[in-house]
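Throughout, read-outs are computed from the coordinates displayed, never taken from laboratory work. Since we're looking at a predicted model, the values are computed, not measured. Note that each Cβ is placed from the backbone with ideal geometry, even for glycine, and that neighbours are counted across all protein chains shown.
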């Protein structure tokens, strides 16, 4: 249950920060402009980490009931392709301009990380996973700070001049989120795979034969170490979500371990479960909740409502302007819409939860 609660906290955070009513948001609910870290920047790496924890339980369960590795591999590939395709669908909807459709994305990165996390868990040992998770962070550090970049100097970490942005422009062209870089691009997926591998290791630790107290203490210690490593690494390779810098990966993995440990202590050790029920509702239908909230945000953008003077606004802006802005400031009205939208999805998925309907991919 604690894993569902932590996953649900992450999904609720995704919906909240993705849904400002009028485009304005308080700083904790917005991404950092470039270098730096806000609570919004935690959300995506937390989910990648949770993917790693979850797959250790699901794959182990299949192995224990006698499923062969070949059958599991086919299922892993199928699930990877489905999640990736759902991401492409969200990027393209409703117009599907294939000449410029964005190829990377949140679901696409989740799919790739799930694929490699599953392969490493299925076919390698714990020491190999530890070594790979650490090596990928150092590899990414090395190529980002020392590899030559045509037209720029090695180690340039600006939006346009960094190596990851150059690679995305070179290989993705018009299929990017931003004109000069993509926050879910090709090279920055390398350290994101470390996030899922650290999740794998946390899952293995949780499945080990020891007391719950020992498990929680181990996760807390690992979280503190990674957090301190990331803070120190920031002096050499700045914390940057768009680049998914090695310091960013270490800091957010450390935070994920600490917050997950808190969930374990509250839910499993202390038995305080009522507070986590709303998050459990989201957590048991996580991918469906993510897909649905993005899809209907896009639907709202298609619905245009006439205003006095002949202007037209999309449904989200119209609701914010006419329901919340008459009695709230711009930022508070935007927040009120985001909270309302999050609660709407909580109510809808609460119905599915009560009926024990869980949408799986």
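Would you work out the relative contact order for region 31-271, in percent, from Cα pairs under 8 angstrom that are 6 or more residues apart?
26 percent
Put a dot 7 Å past each Cα toward the Cβ at residue 315 and residue 147; how far apart are the dots in nm?
4.3 nm
Starting from the Cα of residue 65, step 7 Å toward the Cβ, then list every residue of region 337-361 with an amide N under 16 Å from that point.
Once the point is set 7 Å along Cα→Cβ of residue 65, 358, 360-361 turn out to lie under 16 Å by backbone N, inside region 337-361.
Using helices alone, what [θ] at 222 nm do you get for the chain, with -39,500 (n - 2.57) per DSSP H run of 4 or more residues, divided over all residues and rounded to the nearest 500?
After summing the helix terms and dividing by the residues of the chain, the value is -21500 deg cm²/dmol.
Under the 0.36 nm per residue contour assumption, what length would be gained going from the current alpha-carbon distance of residue 258 and residue 339 to full extension?
Length difference between fully extended and current span is 26.6 nm.
Tell me whether region 258-361 comes out rounded, prolate or oblate; compute the Cα gyration tensor, take square roots of the eigenvalues as a ≥ b ≥ c, and use a/c under 1.5 as the rounded threshold.
Taking the square roots of the gyration eigenvalues as a ≥ b ≥ c, region 258-361 is prolate.
Is region 215-298 best put as rounded, prolate or oblate by its Cα gyration tensor, with a ≥ b ≥ c the root eigenvalues, rounded for a/c under 1.5, and otherwise prolate when a/b is larger than b/c, oblate when not?
The shape class here is oblate.
Could you rank the peptides 14-27, 52-65 by their average count of other C-beta atoms within 10 Å per residue, with the highest value first? Walk me through the numbers before you get to the answer.
On the way: 14-27: 19.4, 52-65: 17.0.
So the order, starting with the most tightly packed, is 14-27, 52-65.
Give me the number: length gained by fully extending residue 327 to residue 224, i.e. 0.36 nm times residue separation minus the C-alpha to C-alpha distance, one decimal in nm.
32.7 nm
Evaluate the distance, in nm, between pseudo-label points positioned 7 Å from the Cα of residue 209 and of residue 100 along their respective Cα→Cβ axes.
6.1 nm
So if each residue of separation counts as 0.36 nm, and I subtract the Cα-Cα distance between residue 119 and residue 277, what length gain in nm does that give?
The span from residue 119 to residue 277 would gain 53.7 nm if fully extended.
Give me the distance in nm between label points sitting 7 Å out from Cα along the Cα-to-Cβ direction at residue 74 and residue 139, one decimal.
For residue 74 paired with residue 139, the spin-label model returns 3.0 nm.
What FRET efficiency comes out for residue 32 versus residue 171 if R0 is 35 angstrom and r is the Cβ-Cβ distance? Round to the nearest 0.05.
0.85
Taking the structure as given and computing percent of Cα pairs over 31 Å apart, which label from (i) 41; (ii) 37; (iii) 54 fits?
(ii)
So if I take the centroid of the Cα atoms in region 324-340 and the same for region 269-323, what is the distance between those two points in Å?
That distance is 14 Å.
Which order, highest average first, do 167-178, 265-276 follow once you tally other Cβ atoms within 10 Å for each residue and take the mean per peptide?
Listed from highest to lowest mean packing, they are 167-178, 265-276.
What whole-number distance in Å separates the alpha-carbon centres of region 195-258 and region 346-361?
Result: 31 Å between the Cα centres.
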